[in-house]
Amino acid sequence: MAVIKPFRAFRPKKGLEDRIAALPYDVYNREEALEVVQKEPLSFLKIDRAETQFSPEVNMYADCVYEKAASMLHEMMDKGEFVQDENACYYLYELTMYGRSQTGIVAVASVDDYCNGVIKKHENTRADKELDRIRHVDTCEAQTGPIFLAYRNEKTLSDLVATCKEQSPVYDFVSEDEIRHRVWVISDISALSTIETAFAGMNRIYIADGHHRCASATRVSLKRREEHPDFTGDEEYNYFLSVLFPDSELMIMDYNRVIKDLHGMTPADFLEKVKKIFSVTAVGQAPYHPSKKGEFGMLLEDTWYKLNVDQNSQTGDPVADLDVSILQNKLLEPVLGITDPKTDSRIDFVGGIRGLDELERRCKQDAKVAFSMYPTSIQELFAVADAGMLMPPKSTWFEPKLRSGIFIHDIR
């Protein structure tokens, strides 16, 4: 059973939500983050990326940076720019992008469920990225970036969410990227019980996005348990901030690839090798986006090609049968010599939100060939996680991105 609990969120004071809400800390480099914070001084990015408060020569991982994040967060709380709900609540968080909406239940999830596999992961984490967020959470004594969780549709929850959304939201704003954000507070005792019971009936929930934040929150919890051997398990640090979405509402976009050289081959020689692996059809100058699983687009010397793999080659292995694995194992490694896409500087990954025009731009700028991918499905993600396996890097790109700063989980 999954333990998904209500909590007393710190939330932006009414009227400040659109100024405070910020994209996740890891979508920006240092210069971009500074530009955002200079433009909007209330942006939560100043707390998530507190190096923006220092000159460039200050190491972004210095102790003073994390201490500054904590002081700014608590100052905003003290000034009333964040307010805390009096009682534990669930919240609804709806994001609308390109006319389609997804609504998640904001709650806290159990660290123990992450450790024992009820909350399932599909990718590994990097120690250096974990350490940054460990220090941020531990120093701020708060979780500021929600973990994006997914669950299989559950009618009781769907019905309750629909009913709750008949009320007026507490927040309703459109961010600069034209995504609409709406939030509702669920405080009714009966509704709280219904939600908690519905999740208790699930034996698996999935991390869609936010593996590093999840692992970091868990590490902080385990550290605090060691520091307090008399812990009861009810302390707030035993839970991490989450937004849980039904699988039917989620959109995974393509995660495309660009390669900087042809491993010593001429374009003609490379194309001949591709033809020995895939069925190849030239489709012209217009960008080609695959229409089904097992199909790829390829841009080579200003011409787009459609590549198809033999569907009889499916193995039944949930990782090997992913399109990203097929491309890697059949072409990128044996033909282009890219053995480890996590570390090879010859390959870059382009999120689908940037569009295929970005692939064309890169091929004019610094790449020799690009591949457009058919998006990994949420069912494929579930299958990999259920098998206890891990996806290759850059397999999924979720949109829209959850904002930080709308909900804060105080773990003091």
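Each part gets one Cα centre, and for the range 15-92 versus the range 354-389 those centres are 31 Å apart. With R₀ set to 25 Å, the beta-carbon distance separating N329 from T266 gives a calculated FRET efficiency near 0.55. Between Q379 and T232, the modelled label-to-label distance comes to 4.5 nm, taking each label 7 Å out from Cα in the direction of the beta carbon. I want to check the label-to-label distance for M72 and T315. Put each point 7 Å from Cα in the C-beta direction and report it in nm to one decimal. Roughly 4.6 nm, to one decimal.
Pair-distance distribution P(r) for the range 11-142, from all Cα-Cα distances in 5 Å bins starting at 0: 2, 8, 14, 19, 20, 18, 13, 6, 1 percent. Seen from a random direction on average, the alpha-carbon convex hull of the range 218-266 projects onto 8.0 square nanometres. Note on V283/K155: beta-carbon distance plugged into 1/(1 + (r/R0)^6) with R0 of 60 Å gives a FRET efficiency of 0.90. Annotation: average projected area of the range 255-374 is 7.0 square nanometres, based on the convex hull of Cα atoms across all directions. Measuring between alpha carbons in the structure, the pairs from K120/K401; K14/K68; K330/K368; K129/K401; K275/K342 lying more than 23 angstrom apart are K14/K68; K275/K342. Counting every alpha-carbon pair across the range 174-246, the share separated by more than 18 Å comes to 62%. Averaging the sequence gap over all C-alpha pairs within less than 8 Å and six or more residues apart, then dividing by the number of residues, gives the chain a relative contact order of 24 percent. Taking the Cα atoms of the range 351-412, the ratio Rg/Rh between the radius of gyration and the Kirkwood radius comes to 1.12. Extension gain, S190 to M1: 0.36 nm times the residue separation minus the Cα-Cα distance gives 66.1 nm. With a cut-off of 11 Å between beta carbons, the residues surrounding E236 carry a summed charge of 0, where Lys and Arg count +1 and Asp and Glu -1. Simple spin-label estimate for A387 and E35 gives 4.1 nm between the two label positions (7 Å along the Cα-to-Cβ direction from each Cα). Taking 15 Å as the cut-off, the amide N atoms of the range 38-58 that come nearer than this to a point 7 Å along the Cα-to-beta-carbon line of E81 belong to 38-54.
Efficiency by 1/(1 + (r/R0)^6): what FRET value for S248 and N59, r their Cβ-Cβ distance, R0 = 51 Å, to the nearest 0.05? Efficiency, from the Cβ-Cβ distance: 0.70. For the range 232-286, the set of trypsin sites (Lys or Arg not before Pro) satisfying both a DSSP loop assignment and a count of at most 13 other C-beta atoms within 10 Å is given as K276. The residues packed around Y374, meaning those with a beta-carbon under 9 Å from its beta-carbon, carry a net charge of -1 if Lys and Arg are +1 and Asp and Glu are -1. Based on the Cα coordinates of the chain, what is the per residue volume of their convex hull in Å³? Output value, Cα hull per residue: 154 Å³.
Panel note: the C-alpha atoms of the range 123-242, placed on their principal axes, show extents of 44, 39, 27 Å (largest first).
Where a number appears in this text, it was derived from the coordinates with a stated rule and is not lab data. Quick caveat, the model's predicted, so the values are computed rather than measured. With ideal geometry, Cβ positions are generated from the backbone for all residues, glycine too; neighbour counts draw on all protein chains shown.
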